[in-house]
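Take a look at the structure set out below.
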Amino acid sequence: SHSRAPQYLPIYCLAPSLQPLSCRLHALATYKPIHTPLIYFAKDPENCCTKVYFFRTILPSCTMTSRCSYSKCSTNNNDQAANNTANLLGCSRCKSARYCSTACQKKDWVFHKFKCVSPEVTRHEVHVCSIEAIQSAILSASPGDIVVIKEGAYGNDGQSTLFVNKPIYLWGGEENRDNVVLDCNLVIDESDGDHDGSKAVVVADLFLDGTVTISDNSYKSVTLCNIELKCPNNAPRDALKISGCKGKCLILGCDIYGGSDGVHIASERVHLKRTCIQYAQNRGIFSRRIFTIEDCEVSGCGGYGIKGSAGWTEKGRHNDIQPGPWSSDGPWSSGW
């Protein structure tokens, strides 16, 4: 029938005789993504000829994902999701994220931009399930490198401390942050590390059973992205403490549970975005510095939602903040 649509085949699915020689040699020689646009072909069912149809940047099949990288995409729940690889559009920079539409790509950018790194950047993979193995990978990494923690549970005593003292990317589970569990405290600073104020620290996609301290650094920025942090609400320490940061500090898409205070802020330029803070023993957020809160929830805390004597700025469509003497529902005006 003339109504049949052409069958689009990525170049790696074609017979070798139909692939350009340079691409065949490259595919055999390396598993790295190819950075130049590759030719897609269309096989016309009517005349059995194969011809060039359009161009698109694609990845070798060994690195392709069959799901849209936007976690809330409805197609990921479709039974046919595993067969949709050929229809996914690849990110032209990192060559790893793939999307079913430009709409999903735009929605995911707020998170993906912190993991959108060229495949040429050196990666250090951690396969041994111990905090010591992660620390060793961090020590061997150079500023700007990526340390990738593979799925598993790391640490079992809750007493260990993992130090990030140089500007690197520390990444956990790609599909689900719960797949990488760290039973330790995390400290991000510059003690005995690389003092490079032009670079950033990004920690993403992890489940942390402990506390996080961000202190005494001159990094351009420190970002916690998609982190679940669980600290006992009767613990003597705050779940997340931020102090002594000269650059920006962004807490994005995180869930923070427990602690004496959920978040203790003693630095300027702190931005909490799309983050949930719950079940702190005292206050959800305690701050003597002005900070920004955007589309966040602060609830279920023993005292009240926020104590911010310097005030704060509210952004976004909705902030659900537990009432208290320093909240928008109390005598102190939000943003004062």
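The values are calculated or read from the model by the stated rules, or taken from the named source; none is laboratory data. Quantities reported herein were computed from a predicted structural model and do not represent experimental measurements. Every residue, glycine as well, gets a Cβ built from its backbone with ideal geometry; the counts of neighbours run over all protein chains shown. SASA here: full protein model, heavy atoms, side chains in, ligands and nucleic acids out. Shrake-Rupley method; radii C 1.70, N 1.55, O 1.52, S 1.80 Å.
Things worth noting here:
- Solvent-accessible area of residue 288, all protein chains in place: 140 Å² (probe radius 1.4 Å, heavy atoms, ligands and nucleic acids excluded).
- Accessible surface for residue 109 stands near 120 Å², nearest 10, in the context of the full protein assembly shown (1.4 Å probe).
- Distance histogram in 5 Å bins (all Cα pairs of the stretch 106-228, percent per bin): 2, 11, 23, 26, 22, 11, 4, 0, 0
- For the stretch 250-316, the list of chymotrypsin sites (Phe, Trp or Tyr not before Pro) that fall in a loop by DSSP and count at most 11 other C-beta atoms within 10 angstrom is empty.
- Site pair residue 198 and residue 248 shows an inter-label distance of 1.9 nm when each label is modelled 7 Å from Cα along Cα→Cβ.
- Figure note: 139, 208 ranked by solvent-accessible area, largest first, 1.4 Å probe, ligands and nucleic acids not counted: 139, 208.
- Residue 127-residue 295 FRET efficiency (beta carbon distance; Förster radius 56 Å; 0.05 resolution): 0.95
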